[in-house]
Amino acid sequence: DYLTEHKAWGRWGADDQRGAANLLTPDKRLAGLAAVRTGRTISLSRAMVAPDENTIGQLSNEVYFSPQFGDAVTRTAEDNLALRHHGGGITHLDALCHAWLAGVGMWNGRDPAVEIRPSGSTWCDITQWSDGLSGRAVLMDVPAYRGTDQVALGEPVTGEELRLIEKAQGIEVTPGD
């Protein structure tokens with residue numbers, strides 16, 4: 001019921017392909033920039049390691065190979081890297097066309113049998129967010145609110161709890177944050 005009763009389809013019109021990204025307005029981007037206090041960056045990158053004869057088949061998230069090409073005189077190696085995006089160590093962003101509820105459809109009720117093709121999606125693909133997804137980030141310390149060291153499996157954070165944390169930690173969350 002949650003997936004059908006609480007969906008935001010139509011909120012930005014029947015032809016909308018951006019979803020909640022519509023809340024990331026120029027004013028929200030400026031609010032995000034205004035919150036910057038230092039020039040420190042935090043990298044989300046991670047090293048990709050080529051397997052050797054001892055690790056082939058053990059890497060759960062990437063496959064790396066280097067086939068050799070050329071003739072009898074000149075040889076080259078071409079690097080190829082394949083990522084398993086839904087593994088435990090890869091972070092990525094799924095477009096609104098990525099998942100849907102059977103019998104209900106994808107974002108805004110579109111039929112995936114019509115919109116998803118071998119060449120890609122014709123509706124809600126990742127290019128809908130090509131201007132970026134930036135705004136103001138809000139950090140809520142859920143473990144501190146709960147008096148625990150971490151959020152445990154089986155104890156999900158609910159919307160109601162986030163509203164209580166917002167009040168308790170003196171944070172104001174607004175649409176687009």
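Coordinate-derived values only; no laboratory data. Predicted model only: the values in this text are computed from it and were never measured. Note that each Cβ is placed from the backbone with ideal geometry, even for glycine, and that neighbours are counted across all protein chains shown.
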query = Is any residue of region 139-175 close enough, with backbone N under 19 Å, to a label point placed 7 angstrom from the Cα of residue 30 along the Cα-Cβ axis, and if so, which?
reply = 174-175
task = Please identify which residues in region 93-127 have an amide N closer than 17 Å to a label point set 7 Å out from the Cα of residue 162, following the Cα→Cβ vector.
result = 94
note = If the chain between residue 71 and residue 18 were fully extended at 0.36 nm per residue, the gain over the current Cα-Cα distance would be 14.1 nm
task = Report the label-to-label distance for residue 40 and residue 8 in nanometres (one decimal), using points 7 Å from each Cα along the Cα→Cβ vector.
result = 3.0 nm
